[in-house]
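Visitor: My questions will all concern the structure given below.
The values are calculated or read from the model by the stated rules, or taken from the named source; none is laboratory data. Nothing here was measured: the structure is a model prediction, and the numbers come from that model. Here Cβ is always computed from backbone atoms with ideal geometry, including for glycine, and neighbour counts include all displayed protein chains. We work out accessible area using only protein heavy atoms, side chains counted, and drop any ligands, DNA or RNA first. Shrake-Rupley method; radii C 1.70, N 1.55, O 1.52, S 1.80 Å.
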Amino acid sequence: MPGPSSWRTTGVEEIELEKETPNVVTEPRFRKLVASGYLAEVVCQAAAYRKASVWYGEWIVRVVSSDGTFEKLLVTTPRKVDDMDEIKVRVFRTINGLTSFMHEAGFRHVDVPLFDDERTVLSTSTKPTDTKKS
């Protein structure tokens with residue numbers, strides 16, 4: 001049974017947050033999932049552009065399983081708004097912000113899609129992907 005941290009109160013009744021929003025994951029849970037072997041999918045929602053020396057755009061991140069049976073969208077930690085918890089999709093607006101977040105989550109490299117609707121899947125694994133022998 002889920003612990004008290006997964007419950008919230010909306011006035012009279014308690015609602016289990018995981019059942020109400022089953023397709024989302026908060027940042028702490030995202031970090032735990034990728035550390036245990038799940039993958040991160042970075043999706044570009046607005047094409048990247050450079051202004052001065054900073055790249056801007058819009059990217060969202062999902063945690064996925066390698067077999068495609070598990071998919072959850074990264075959201076911010078819920079906050080109270082008018083006695084209700086508000087959940088927002090975590091949107092990264094600069095490549096620097098996305099890279100910083102992914103580095104803190106344990107990723108050793110970040111491949112960032114630059115055009116609308118492009119996506120890439122990342123792993124925290126340190127195993128080499130090239131198995132060619134010299």
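Visitor: Give me the accessible area of GLU104, 1.4 Å probe, in Å² rounded to the nearest 10.
Guide: 130 Å²
Visitor: Just read off the accessible area of TYR49 with the full protein assembly in place, 1.4 Å probe, to the nearest 10 Å².
Guide: Spelled out: TYR49, probe radius 1.4 Å, area about 120 Å².
Visitor: On to the next question. For the stretch 54-69, what does the Karplus curve 6.51 cos²θ - 1.76 cosθ + 1.60, with θ = phi - 60°, yield as ³J(HN,Hα) per residue in whole Hz, taken in order and with x for Gly and Pro?
Guide: 10, 9, 10, x, 9, 10, 10, 10, 10, 9, 9, 8, 5, 8, x, 8
Visitor: Name the long-range amide H neighbours of VAL25: under 5 Å, sequence gap of 5 or more, or other chain; modelled H, no Pro or chain starts.
Guide: Counting only residues 5 or more places away or on other chains, the set is LEU73, LEU74, VAL75.
Visitor: Points 7 angstrom from Cα along the Cβ direction at ILE87 and THR120: gap in nanometres?
Guide: That separation, rounded to one decimal, is 2.8 nm.
Visitor: Let me check I've understood the local charge: for GLN45, count other residues with C-beta under 9 angstrom from its C-beta, Lys and Arg +1, Asp and Glu -1. What total comes out?
Guide: Cβ neighbours under 9 Å give a net charge of -3.
Visitor: Once the other residues with Cβ under 14 Å from the Cβ of THR99 are scored (Lys, Arg +1; Asp, Glu -1), what is the net sum?
Guide: 0
Visitor: For the stretch 95-101, what does the Karplus curve 6.51 cos²θ - 1.76 cosθ + 1.60, with θ = phi - 60°, yield as ³J(HN,Hα) per residue in whole Hz, taken in order and with x for Gly and Pro?
Guide: Couplings: 5, 4, x, 5, 4, 4, 4 Hz.
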